[in-house]
Amino acid sequence: MNTAIRCSLATLALGLTAPLAAQADALEQQLDDLQDFQIIAHRGASGHAPEHTWPSYEKAREMGADYLELDLHMSADGELMVIHDDTLDRTTDGTGQVKAHTLAELKALDVGGWFNQAHPERADEAFTGARMLTLDEVIDRYGTDVRYYIETKSPERYPELQHSLVETLEAEGLVESGSVAIQSFSQDSLRQIHDLNADIPLVQLVWYSPTEDGNGLTEWTGVTPPPAEISDADLQAIADYAVGIGPNVVYDGEDVIDAGFVEQAHDNGLLVHPYTINDPEQMQRLLDWGVDGMFTNFPDRLSELVE
Ligand code: G3P
Ligand code: CA
């Protein structure tokens with residue numbers, strides 16, 4: 001487990017006042033809980049309801065999710081908005097870049113209706129008219145009743161996102177209560193967050209795909225070499241700021257990682273949380289590899305396997 005965070009917590013707990021000791025206990029509890037298998041509801045229970053809407057989050061909670069996964073962008077006027085894509089076109093009745101619209105403009109969009117057309121077998125009229133959520137709204141509703149697994153999306157587009165996010169989480173007491181983990185494909189984003197608050201558990205996302213010549217794999221932003229060439233030093237470099245690594249498992253039907261990847265990550269103190277796993281057979285295969293959690297659109301399927 002990430003020794004840097006644990007040492008900092010142990011120091012904090014020794015000889016401090018009761019509230020500070022409680023804070024250390026809550027963070028320690030979160031790290032302990034991360035040693036158990038974690039069900040991470042990917043955009044909520046987004047296989048059952050429109051992603052990043054109240055129905056999606058409510059279903060995720062009912063289905064036993066340990067974390068709600070939230071993707072963050074920013075509005076033109078600086079509000080932290082929960083939406084996956086850079087653009088509005090796929091999941092709203094608007095068009096264009098998220099960052100080109102104000103909060104008021106984004107709140108006027110329907111973020112639920114698309115789901116009924118895309119997934120008629122799971123359609124529900126109640127989804128139509130759902131509104132895009134701000135991070136503040138999600139936190140206001142759930143507080144410390146849930147844990148949040150927040151992804152900083154396109155941080156290069158929003159240089160101020162990291163600061164704004166950490167400020168919000170600290171103001172709401174979500175770091176000290178052990179309620180939040182942060183993930184990103186951007187090493188720079190995670191390092192910025194680590195510098196702002198070293199108590200927040202971080203997970204480095206990686207995405208492996210074939211090289212252009214088709215002779216091997218490459219990681220999207222160069223965070224690691226291809227899985228077959230990863231050294232312990234590569235993983236130790238991630239463990240300096242993160243508690244875990246979140247890889248894709250398959251590209252175009254072919255595995256990009258294997259059980260050895262999981263074992264090597266564990267040997268270097270990193271949890272392994274693969275994304276996004278919706279098929280029960282695939283879930284079971286990864287459970288057999290010993291992964292520590294999974295992102296899924298169907299928390300109910302994963303709950304059945306790990307109960
Ligand atoms: O955050 C894990 C996974 O969600 C990364 O992929 O594109 O679904 O955000 P994406
Ligand atoms: Ca995500």
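The values are calculated or read from the model by the stated rules, or taken from the named source; none is laboratory data. On a predicted model such as this, the values are computed, not experimentally measured, just so you know. Positions of Cβ are backbone-derived with ideal geometry, glycine not excepted, and every protein chain shown enters the neighbour counts. Side chains are part of the model used for accessible areas, which takes the heavy atoms of the whole protein and leaves out ligands, DNA and RNA. Shrake-Rupley method; radii C 1.70, N 1.55, O 1.52, S 1.80 Å.
Can you work out ³J(HN,Hα) from phi for every residue in the stretch 120-133, in order, using Karplus 6.51 cos²θ - 1.76 cosθ + 1.60 and θ = phi - 60°, giving whole Hz and x for Gly and Pro?
Going residue by residue, I get x, 5, 10, 5, 8, 4, 5, 6, 5, x, 4, 9, 4, 9 Hz, with x marking Gly and Pro.
To the nearest whole percent, what portion of all C-alpha pairs in the chain is separated by more than 25 angstrom? Could you put the intermediate results ahead of the total?
On the way: 23224 of 46971 pairs.
I get 49 percent for the Cα pairs in the chain exceeding 25 Å.
Once the piece of chain linking Asp124 and Glu170 is laid out straight, how much longer is it, given 0.36 nm per residue of separation minus the C-alpha distance between them?
12.9 nm
Residue separation times 0.36 nm, minus the C-alpha to C-alpha distance between Asp232 and Ser303: what's the value?
Values: separation 71, 0.36 × 71 = 25.56 nm, distance 3.23 nm.
Using 0.36 nm per residue and subtracting the Cα-Cα distance, I get 22.3 nm.
How large is the Kirkwood hydrodynamic radius of the stretch 63-222, in angstrom, based on all distinct alpha carbon pairs?
Computed over Cα pairs of the stretch 63-222, the Kirkwood hydrodynamic radius comes out at 17.1 Å.
Taking the solvent-accessible surface of protein heavy atoms with a 1.4 Å probe, what is the per residue accessible area of the stretch 47-200 in Å²?
40
Output wanted: per-residue J couplings in Hz (rounded whole) for the stretch 261-267, from phi through Karplus 6.51 cos²θ - 1.76 cosθ + 1.60, θ = phi - 60°, x for Gly and Pro.
Result, rounded to whole Hz: 4, 4, 5, 5, 4, 4, 4.
What is the list of residues in the stretch 232-264 whose amide nitrogen lies under 14 Å from a point 7 angstrom out from the Cα of Trp207, following Cα to Cβ?
Of the residues in the stretch 232-264, 246-252 have backbone N under 14 Å from the label point off Trp207.
Could you work out the helix-only [θ] at 222 nm for the chain, with each DSSP H run of four or more residues adding -39,500 (n - 2.57) and the total divided by the number of residues, to the nearest 500 deg cm²/dmol?
So the calculated ellipticity at 222 nm is -10500 deg cm²/dmol.
Considering only protein heavy atoms and a 1.4 Å probe, what is the carbon-and-sulfur percentage of the accessible area of the chain?
On the way: 6060 of 12940 Å².
On the chain, the fraction of accessible area on carbon and sulfur atoms equals 47 percent.
Using only the Cα atoms of the stretch 204-307, build the gyration tensor, take square roots of its eigenvalues as a ≥ b ≥ c, and label the shape rounded, prolate or oblate: rounded if a/c is under 1.5, else prolate if a/b is larger than b/c, else oblate. Please report the intermediate quantities before stating the final value.
Working: a/c = 2.07, a/b = 1.31, b/c = 1.57.
Oblate, since a/c reaches 1.5 and b/c is not below a/b.
Search the structure for amide H atoms under 5 Å from the amide H of Gly246, placed 1.01 Å from N in the peptide plane, and list their residues when 5 or more places away or on another chain.
Those lying under 5 Å, H to H, from Gly246 are Gln204, Leu205, Val206, His273.
Taking the Cα atoms of the stretch 266-307, report the difference between the largest and smallest coordinate on each principal axis, in whole Å and largest first.
Answer, in whole Å and largest first: 31, 16, 16 Å.
Select from Ser303, Leu217, Gly44 the residue farthest towards the positive end of the dipole of the chain; place +1 on Cβ of Lys and Arg, -1 on Cβ of Asp and Glu, and compute about the Cα centre.
The Cα lying farthest towards the positive end belongs to Gly44.
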